[in-house]
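Undergrad: Sharing a structure with you now.
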Amino acid sequence: METCSGHSNCHSVRRPCNQHYRSHGREKGDRAEQCQSGSCNVAEEVFSSIRTIRSLEAEGKLSAKYNGSLQQATAIAWSRLPIVGTQVGSYMFALYGAYALAFWYGMHLYAKHETKSSGAVITALFSIMIGVNAFSELATYLSAFSKVRSAGMELIKIVDSIPHETISPQWPGEEKTEVEGKQFDLFQQGICLKDISFHYPTRPETQALKEFSLTIRAGKTTALVGPSGSGKSTIVGLLLGWYEVSSGELTFGDTRMENLHVQRVRANIGLVQQSYLFTGTVFQNIAYGLAASPFEDLSDDVKREMVVGACKLSNAHDFIMRLPEGYDTSVGNRGTSLSGGQKQRLAIARAIVKNPPILILDEATSALDTRSEAVVQQALEKAGSNRTTLSIAHRLTTIKSADQIVVMRNGSIVEIGTHQSLRGLENSIYKRLWEAQEIKSLRASGNVYSNDEYHDGMSRLSAQEPLIKPKTPEEMDRPSIDEEAQTKPRIGPLTCIISIFVSQKKYWWAYLLLITGSAVGGALFPMQAYLYAKLITTFQLTGAALVSRSNFWAMIWFIVALVVAIAYFVIGGIGTALGETIAQYYRSRYFASFAAMPVSYFDSETNSPGALLSRLSADPDTVNSLAGSNLAVLITVLVSLVSTVALALAVGWKLALVVIFGSLPFIFGAGVIHERMENGFEEKAGKVFEASISFAAECVGAVWTVSALNMEALVERRFGALLTIQCKSSARYAAVAMIWFALSESIELLCMALAFWYGGHLMSFHEYSTTQFFIVFVAIIFGSQSTGQFFAHSSDLSKGLTSVRAILSQSATLHEPSSKQSLPPLNELDPKVPLIEFRNTSFSCPTRPFVLVLQNLNMKIYAGQFVALVGPSGCGKSTVIQLLERFYDNCRGDILIGGISVKDLEDSDVRKLFSLVSQEPTLYFGSIRYNVSLSVSDILSSEKLDRVLEQAQLSEFVASLPEGLDTEVELRGTALSGGQKQRVAIARALARDSPVLLLDEATSALDGESERKIQSAMVGDWEGRVSGAKSTGKIVVAVAHRLSTVQHADCIFVFNAGEVVEAGGNVELMERRGVYWGMCKAQTGLDG
């Protein structure tokens, strides 16, 4: 009855408090989770595009954005202090208040003789006391429960939003065929788009397609051309089921799209759109193309044969065989070990490896050199025979043999026909696009060259990979970043703890309150021992004295409950807020240190974006467990342990010593073993979870590629397999760890048995009174429980120290002094000295140290020059750009800026010279205005913003948007087409207004007209350059495969195998009839 009374009171107090928490705390908890999610998105963007971040020097702006989310989360944590504190405090008050009520009511019943004996009351009270202490351990976990609830709600919402569709093995009216891998006849009957209208969900006011009608004939090649943003790639999204049409009909054969299962559709389409590669080997990346196809379950040997065949078709086999481990060579983090052209060839192989009946080529050869493009184009045409092919291209030479060419503009068809018929139309859009891409000096020369001369010129251009050469002794001695990290001195525990307190010294008052509250909470246990003994002695009284003393001690218990409530209000509220503040501080510091690491650091698979995100999430949270509420728990436990042992020794040293030395050493021993096992397990689990998180982050970041390849089931299986490893390991650990846990728990019972036996012996000889016995007995019980709690939380202490050590060690790179000199103003440099010079420069990638990408490169670039770098993919052109941007250090030779070695200059000074536009433009979550202004440190003026938008041919597009510059581009710019994203990237580079423009296939996703206008804005009067017209005054270094974009360059450097094999102006190189001439001849497709 007493127990029921106590529990009834406990629930009656807790229920309204919990309702208050749910109504007021849930919203703030959800907001905090959203802030954390926002900061995670920023970190993922930075880690996955570190080269773009470096080139823009945007670390500061994105760090500010990241820190803004963290500061919001911190502010929410402090605003939740009263809620969390009230919840924890009321919880503890309910527990101890229930004990006060139970004692008062029990003694009331005993005084009225309504209970059988005093033993029944003592048993009930002792049971309640044990239960109260057990439940009190949950108090400090309440904030963790709220976090779990918020995360769980979000998880459930996402899981419930997934459509639970079943894949029917066959649709009505559908027949299978044994031809070509048992593909469906349905997908060999052509595609029809009838009166299709469509708008993107994020821009409902803008029509991407307007009553669009087109028949894509079966077994034929249909090409889509037109300006960027005209709706070409939108059609791809509709065919793959990424979007549903707003109106109209989309049919495969005679079956409407909405009646087909989307995964069946994708299984019959091979798409080459993004050259995204996953971390893994060459073979694994191409074999992903077999996912969800009839070939998925074939043996690895058969799959390897198919992969090799696809690579031969895509002209990738030769360069793969020159890699260190052939098809088993790792491509690096997201393919960073390969050039753009190499990645694109692998993407083509991945698309055709399953021999799909429908092939979609969206700029499939835009990153390839002329020779590779010719070979791959021929292979694609061969692969496309007898299959339906849809090709999207800006390089018109790649689609001139198409059976049907469709010219689009603003979501509608404006011209349709063959290459010859469209070229024959006067003032046709297609004709203007074609003429914009012609290399005029080749046509103007009037010379007719024989095929033998053409092949002779092309044969001089070797597409081989750079040679594999051993490193020099100096290079072998150069430590890697990971080796340097391992040689750093170990940071001691005291340094870690001092660092935490020093970093949060402005919250000294919070720490003071937290330590005081924790000490009061720890002192509660010896107080309980004393009060419980006094309660027992109360039963020796009778009559009015019994009632009086009972009321007195019940009141004391009630006062204790109030003190406990205040103490745990502080522990719960301040502990949670302070822990969150510390976690966000170290998360910010951790992020800044990662963002400051060299680019080569991110090339390692162990430092993939997913792995870094895992550390960025886990380590600061572990510090939170060390410095927040768990710190209060540890202080409480230590105070409790010391005070209960001191009280026991002071009241009855004989009994105390026997019990302490008879049981506590065993409890300590079992606890130490359990802790060591748990730490070892956590370390292994961390690696497994880091691998799974890294894999998940990579797949989410490439969700369009995963979807196009039908890899969802494969990704789910692999992710599940990674987690299964952890589950099996956990089961083995639990089986052993629980033995030691059970031993440490059972020793507490042995401790009680020993205390009862020896205490009874002392009382029988009248050495101890009843009061002494119960004080010592209860104190020892609480002391043993405190020991168990100490070991339960000490693992958090050791893990927290490890995390602080990792963060401090990583952050030390931010404060390393620099002895480099600053770059003098450009007007103070000698104009006779090349502004940029490569002098006997050699380079090898950190992930492939024995492969020289550049070999003794010599090249000079003077102020005001327009310089072009051309050659086969993988020959080192983009490497030149990366070395100029200081992404890597060259192995041998030197790179000079104004006659000064770049190794002697501050990296930031060097990067300020350059504005880079990469082949794969990266946009960040935010508006168009935000993305364009990301490259400047100050606020971008309206005049300058309008100017760069006009130069990048963006003004008309932005004006057509309902929200204009404030239109969100979504994550990675998915709301824009490829050409639109590239224009935004160009505008961003122009806004930077640097003296040197680095263009790495900067206009590959643009149509000819737009490309011509943008080139003129970036380079100046580019047609007049040949006659000496004034340029923009900037140095332009352009990497290009589309040679029409660089034909007016002052100097064209032709690369092969990491060396310059030809150099000169366009006319000069054409007159030589050498390598460059052969490339132009192949690309224009002219007969003479």
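Undergrad: Restricting attention to the range 1050-1088, which residues are touching a helix residue (DSSP H, G or I) at 6+ places or on another chain (Cβ under 7 Å) and small (Gly, Ala, Ser)?
TA: The answer is 1074, 1078, 1082, 1085.
Undergrad: Any chance the range 632-650 includes a residue that's in contact with an Asp or Glu (Cβ under 7 Å, 6 or more places away or on another chain) and crowded, with 21+ Cβ neighbours inside 10 Å?
TA: No; the residues of the range 632-650 include none that is in contact with an Asp or Glu (Cβ under 7 Å, 6 or more places away or on another chain) and crowded, with 21+ Cβ neighbours inside 10 Å.
Undergrad: For residue 162, are the conditions met, namely being more than 30 Å from residue 625 (Cβ to Cβ) and modelled with pLDDT under 60?
TA: Criteria not met by residue 162.
Undergrad: In addition: Which one of 26, 51 is part of a helix (DSSP H, G or I), within 29 Å of the chain's Cα centre (by Cα), modelled with pLDDT of 85 or more and basic (Lys, Arg)?
TA: 51
Undergrad: Then there's this: What number of residues in the range 594-652 are part of a helix (DSSP H, G or I) and under 30 Å from residue 532 (Cα atoms)?
TA: Qualifying residue count for the region: 23.
Undergrad: Same structure again: In the range 843-875, what residues are surrounded by fewer than 22 Cβ atoms within 10 Å (Cβ to Cβ) and either within 24 Å of residue 333 (Cβ to Cβ) or among the aromatic types (Phe, Trp, Tyr) (or both)?
TA: Within the range 843-875, 845, 846, 847, 848, 849, 850, 851, 862 meet the criteria.
Undergrad: Checking the condition among the hydroxyl-bearing types (Ser, Thr, Tyr), under 29 Å from residue 991 (Cα atoms), surrounded by fewer than 24 Cβ atoms within 10 Å (Cβ to Cβ) and free of Cβ contacts under 8 Å to residues at least 40 places away in the same chain, which residue from 901, 878 passes?
TA: 901
Undergrad: Let me ask something additional. Taking the range 255-274 as the region of interest, how many residues are in a loop (DSSP other than H, G, I, E, B) and surrounded by fewer than 17 Cβ atoms within 10 Å (Cβ to Cβ)?
TA: Of the residues in that region, 1 qualify.
Undergrad: Between a first residue in the range 87-110 that is under 17 Å from residue 125 (Cα atoms) and a second residue that is outside any helix (DSSP H, G or I), which pairs have beta carbons less than 6 Å apart while being 6 or more apart in sequence or on different chains?
TA: These pairs meet every condition: 109/115.
Undergrad: Restricted to the range 307-335, and to residues that are surrounded by fewer than 19 Cβ atoms within 10 Å (Cβ to Cβ) and over 23 Å from residue 291 (Cβ atoms), which residue is modelled with the highest pLDDT?
TA: 321
Undergrad: State which residue is farthest from residue 572 (Cα to Cα) when the search covers only the range 489-522 and only residues that are without any contact (Cβ under 8 Å) to a residue 24 or more places away in the chain and not in a helix (DSSP H, G or I).
TA: Among those residues, the one meeting the criterion is 489.
Undergrad: Could you please let me know if residue 55 is in contact with an Asp or Glu (Cβ under 7 Å, 6 or more places away or on another chain) and either farther than 30 Å from residue 886 by Cα or among the hydroxyl-bearing types (Ser, Thr, Tyr) (or both)?
TA: Answer is yes for this residue.
Undergrad: Would you call residue 248 within 15 Å of residue 389 (Cα to Cα) and assigned to a strand (DSSP E or B)?
TA: Judged against the criteria, residue 248 is not a match.
Undergrad: Name the residue, out of 625, 593, 588, 617, that is in contact with a Cys (Cβ under 8 Å, 6 or more places away or on another chain), closer than 20 Å to residue 805 by Cα and either hydroxyl-bearing (Ser, Thr, Tyr) or crowded, with 24+ Cβ neighbours inside 10 Å (or both).
TA: After ruling out the rest, the residue left standing is 617.
Undergrad: Shifting gears a bit: Of the conditions (1) hydrophobic (A, V, I, L, M, F, W, C); (2) under 23 Å from residue 524 (Cβ atoms); (3) surrounded by fewer than 22 Cβ atoms within 10 Å (Cβ to Cβ), residue 78 satisfies every one except a single condition; which number is it?
TA: Single failed check for residue 78: (2).
Undergrad: Output the number of residues of the range 904-925 satisfying the condition of being surrounded by fewer than 19 Cβ atoms within 10 Å (Cβ to Cβ) and farther than 17 Å from residue 50 by Cβ.
TA: 4
Table: residues versus (1) in contact with a Pro (Cβ under 7 Å, 6 or more places away or on another chain); (2) more than 30 Å from residue 827 (Cβ to Cβ); (3) buried (at least 24 other Cβ atoms within 10 Å of the Cβ); (4) polar (S, T, N, Q).
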residue	(1), (2), (3), (4)
959	no, yes, no, no
964	no, yes, no, no
969	no, yes, no, no
975	no, yes, no, no
983	no, yes, yes, no
986	no, no, yes, no
989	no, no, yes, no
994	no, no, no, yes
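Undergrad: Would you check which residues across the range 761-802 are of a type in the set (Gly, Ala, Ser), more than 22 Å from residue 667 (Cβ to Cβ), part of a helix (DSSP H, G or I) and at pLDDT 80 or above and list them?
TA: 764
Undergrad: Please verify whether the range 564-582 includes one or more residues that are in contact (Cβ under 8 Å) with a residue 12 or more places away in the chain and within 29 Å of residue 118 (Cα to Cα).
TA: yes
Undergrad: Of the residues in the range 827-883, how many are of a type outside the set (A, V, I, L, M), touching a Lys or Arg at 6+ places or on another chain (Cβ under 8 Å) and modelled with pLDDT under 85?
TA: The total comes to 4.
Undergrad: Restricting attention to the range 61-71, does a residue exist that is at pLDDT below 85, buried (at least 20 other Cβ atoms within 10 Å of the Cβ) and either in contact with a Pro (Cβ under 8 Å, 6 or more places away or on another chain) or not β-branched (Val, Ile, Thr) (or both)?
TA: no
Undergrad: Could you list, ordered by first residue, the pairs with Cβ atoms under 7 Å in which the first is in the range 279-299 and touching a residue at least 12 places away in the same chain (Cβ under 8 Å) and the second is part of a helix (DSSP H, G or I) and of a type in the set (Phe, Trp, Tyr), at least 6 apart or interchain?
TA: So the pair list comes out as 281/327; 282/327; 283/327.
Undergrad: Which residue is farthest from residue 414 (Cα to Cα), if the candidates are limited to the range 232-278 and must be of a type in the set (D, E, K, R) and free of Cβ contacts under 8 Å to residues at least 40 places away in the same chain?
TA: Looking at the filtered set, the residue picked out is 258.
Here's the yes/no breakdown for (1) part of a helix (DSSP H, G or I); (2) at pLDDT 85 or above:
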{"residue": "368", "(1), (2)": "no, no"}
{"residue": "373", "(1), (2)": "yes, no"}
{"residue": "391", "(1), (2)": "no, yes"}
{"residue": "415", "(1), (2)": "no, yes"}
{"residue": "432", "(1), (2)": "yes, no"}
{"residue": "435", "(1), (2)": "yes, no"}
{"residue": "442", "(1), (2)": "yes, no"}
{"residue": "446", "(1), (2)": "no, no"}
{"residue": "457", "(1), (2)": "yes, no"}
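The values are calculated or read from the model by the stated rules, or taken from the named source; none is laboratory data. Just so we're clear, the structure is a prediction, and the values are computed from it rather than from any experiment. A quick note on method: Cβ atoms are made from the backbone with ideal geometry, for glycine too, and the neighbour counts reach across all protein chains shown.
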